[in-house]
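Since the structure comes first, as C-alpha cells, the remarks are kept for the end.
The values are calculated or read from the model by the stated rules, or taken from the named source; none is laboratory data. Note that the coordinates shown come from a computational prediction; the quantities given were computed from them, not determined experimentally. Glycine gets a Cβ as well: all are built from the backbone with ideal geometry, and neighbour counts include every protein chain shown. Accessible surface is based on the protein model in full, side chains and every heavy atom, while ligands, DNA and RNA are left aside. Shrake-Rupley method; radii C 1.70, N 1.55, O 1.52, S 1.80 Å.
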Amino acid sequence: MTKDEILTILEEKRSEENKESMAKFGINTANACGVTTADLREIGKKLRKDHALALELWETGIHEARILATMVADKNRMDDELLEKWVMEINSWDLCDQFCTNLAYKTESAKMKIYEWAVQNETFVKRAGFAMIANIAAKDETLTAAEIDSYCTLILNECDDSRNYVRKAVSWALRNIGKRNEENRKLAVKVAKVMRDGGSKTAKTTATEVLNELNSKEVKTKFRPKK
C-alpha cells in the first residue's frame, strides 16, 4: 500500500464527531482526521514493515498517518538522529505513547534514550522517557535489578513535574515496574511511599495511584505463591 492510498483511506474515514471525542481526551486534533484507534489497527494489520513508507507517512504531519508510521517503521533503521527528530515533533500524548510502544522501546538506543528524554523540558519528550520505562518494564524479561533501581531513582528525581501528561507517564512507569513480580512490587511500593511522604502534591497524587493499584487484591494475588 502506498502513502497516497493510505491517505485516501484516512480521508474516507474522516469524522468530525470522532475528532471532538479525541479532543475531550486531550488529544491534539489540529491535523487529525478523526480516525478511530480500532480503524488504525485494522489498517496497520494490512501493512508490512516498510521504512521508506514510514518516513513518507511521518512527513505528512497528519496525526493518524504518523501513528501508522510508528507501526511500519523498521526499528533497526531508527538511528539516533531519526529518533530525536521524531520525538521532538510529537505534539500529542497518544502519538507519544504509540511511538514508544510500537517502535522506540524496541530500538537499540532505547535504554539510553530513557535517561536522555526523561530529564528534558519538552512535555512529550519527557513523557516519552517514562513511557519507554513503562514498556520496557512490562516486556523486557532481561532487565537487571540495577537497571530497575536506576529507573526508580529517575522516577524519584522527576516525580514533582506537575504537567499531567508527564505525571501520568511517571505513574505508568512505576506501576509497570511493580507489576513485574513480587520483589519489584515491594520495591515500587517503597518508592511510592517515599514520594507520598516527602514529595510535592504532584508526587503524592502519583504515589496514591501507584499504591492503590500495587496494593490491590488483584495484583497481590497474581504474585501469591500457588499452594
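Calculated FRET efficiency, Lys49 and Glu89, Cβ-Cβ r, R0 22 Å, to nearest 0.05?
On the way: r = 21 Å, r/R0 = 0.96.
Calculated transfer efficiency: 0.55.
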**OP:** From the C-alpha gyration tensor of segment 53-163, pull out the three semi-axes of the equivalent ellipsoid (sqrt of 5λ each), sorted largest to smallest, in whole Å.
**Re:** 24, 16, 11
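For the full complex of protein chains and a 1.4 angstrom probe, list Lys222, Lys126, Lys111, Lys75 by accessible area with the highest value first. Numbers along the way, then the final one.
Numbers: Lys222 135, Lys126 15, Lys111 65, Lys75 85 Å².
Greatest to least solvent exposure: Lys222, Lys75, Lys111, Lys126.
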Subject >> Option label - mean projected area of the Cα convex hull in nm² computed here, alternatives [x] 14.6; [y] 12.1; [z] 13.5 >> reply: [z]
Original post:
Using Cα pairs under 8 angstrom and six or more residues apart, how large is the relative contact order of the chain, in percent?
Top reply: 12
Original post:
Restricting attention to the alpha-carbon atoms of segment 1-107, what are Rg (one decimal) and Dmax (integer), both in Å?
Top reply: 12.9, 38
Subject >> Probe 1.4 Å - accessible area at Lys85, Å² to nearest ten >> reply: 70
Original post:
Which entries in the list Lys49/Lys179; Lys24/Lys45; Lys75/Lys186; Lys179/Lys201; Lys126/Lys204; Lys179/Lys217 go over 22 Å, if you measure between the two C-alpha atoms of each?
Top reply: Lys49/Lys179; Lys24/Lys45; Lys75/Lys186; Lys179/Lys201
Original post:
If Arg14, Arg224 are ordered by their accessible area, calculated over protein heavy atoms with a 1.4 Å probe, which sequence runs from highest to lowest?
Top reply: Arg224, Arg14
Subject >> Computed helical MRE - 222 nm, the chain, DSSP H runs ≥ 4 contributing -39500 (n - 2.57), nearest 500 >> reply: -21500 deg cm²/dmol
Original post:
Per-residue accessible area for Phe223 at 1.4 Å probe radius, Å² rounded to 10?
Top reply: 40
Original post:
In the Gaussian network model of the chain, springs joining C-alpha atoms below 10 Å, which of Thr153, Thr101, Thr142 carries the largest mean-square fluctuation?
Top reply: Thr142
Original post:
What relative contact order, as a whole-number percentage, does segment 52-127 give when Cα pairs under 8 Å and 6 or more residues apart are counted?
Top reply: 28
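Name the GluC sites (Glu not before Pro) in segment 119-214 that are in a loop by DSSP and that have at most 16 other C-beta atoms within 10 Å, would you? Mind dumping the intermediate values first?
Numbers: sites: Glu122, Glu141, Glu147, Glu158, Glu182, Glu183, Glu209, Glu213; in loops: Glu122, Glu141.
Sites meeting the loop and neighbour criteria: Glu122, Glu141.
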**OP:** Find how many whole Å separate the alpha carbon centroid of segment 124-173 from the alpha carbon centroid of segment 54-68.
**Re:** 26
